[in-house]
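Below is one structure; the comments refer to it alone.
The values are calculated or read from the model by the stated rules, or taken from the named source; none is laboratory data. Quick caveat, the model's predicted, so the values are computed rather than measured. Counting neighbours? That spans all protein chains shown, and the Cβs are built from the backbone with ideal geometry, glycine included.
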Amino acid sequence: MDLIVRLRAALGSSTLGRLMDCFYCLSFMLSLPPALWLSSGRMGFLILWLALSAVACLLERATQKKGKYIRVSPVSTSYIDKVIRGV
């Protein structure tokens, strides 16, 4: 655990550092080595890589406390029409 903290601190505000702030991005990056090791072909690698990342994301979502995520409502089409027309 401390290794990840030190790695994140070393990366700072670089692109990789910002990617490590997002669990979903981090699961995508961390699922790459096992997918390379376990896959037998290109298509198998791609499917396995995405599947491992998806399983991590689903487990994270399943164990989250309720109410942590903010629901964003879509912008009404009338507002978009106003912006497009410049009203």
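For the stretch 10-33: of the residues being in a helix (DSSP H, G or I) and among the hydroxyl-bearing types (Ser, Thr, Tyr), which is surrounded by the most Cβ atoms within 10 Å (Cβ to Cβ)?
Among those residues, the one meeting the criterion is SER27.
Has the stretch 57-70 got at least one residue that is of a type in the set (Gly, Ala, Ser), out of contact with any Leu (no Cβ under 7 Å at 6 or more places or on another chain), loosely packed, with under 12 Cβ neighbours inside 10 Å and at pLDDT below 75?
yes
If I ask for residues that are of a type outside the set (A, V, I, L, M, F, W, C) and at pLDDT 75 or above, which ones from the stretch 19-33 would you list?
Listed by number, the residues that qualify are TYR24, SER27, SER31, PRO33.
Quick check on this structure: which one of LEU52, LEU46, LEU36 is in contact with a Ser or Thr (Cβ under 7 Å, 6 or more places away or on another chain), among the hydrophobic types (A, V, I, L, M, F, W, C), modelled with pLDDT of 90 or more and surrounded by 10 or more Cβ atoms within 10 Å (Cβ to Cβ)?
Step by step, each of LEU52, LEU46, LEU36 is checked, and only LEU52 is in contact with a Ser or Thr (Cβ under 7 Å, 6 or more places away or on another chain), among the hydrophobic types (A, V, I, L, M, F, W, C), modelled with pLDDT of 90 or more and surrounded by 10 or more Cβ atoms within 10 Å (Cβ to Cβ).
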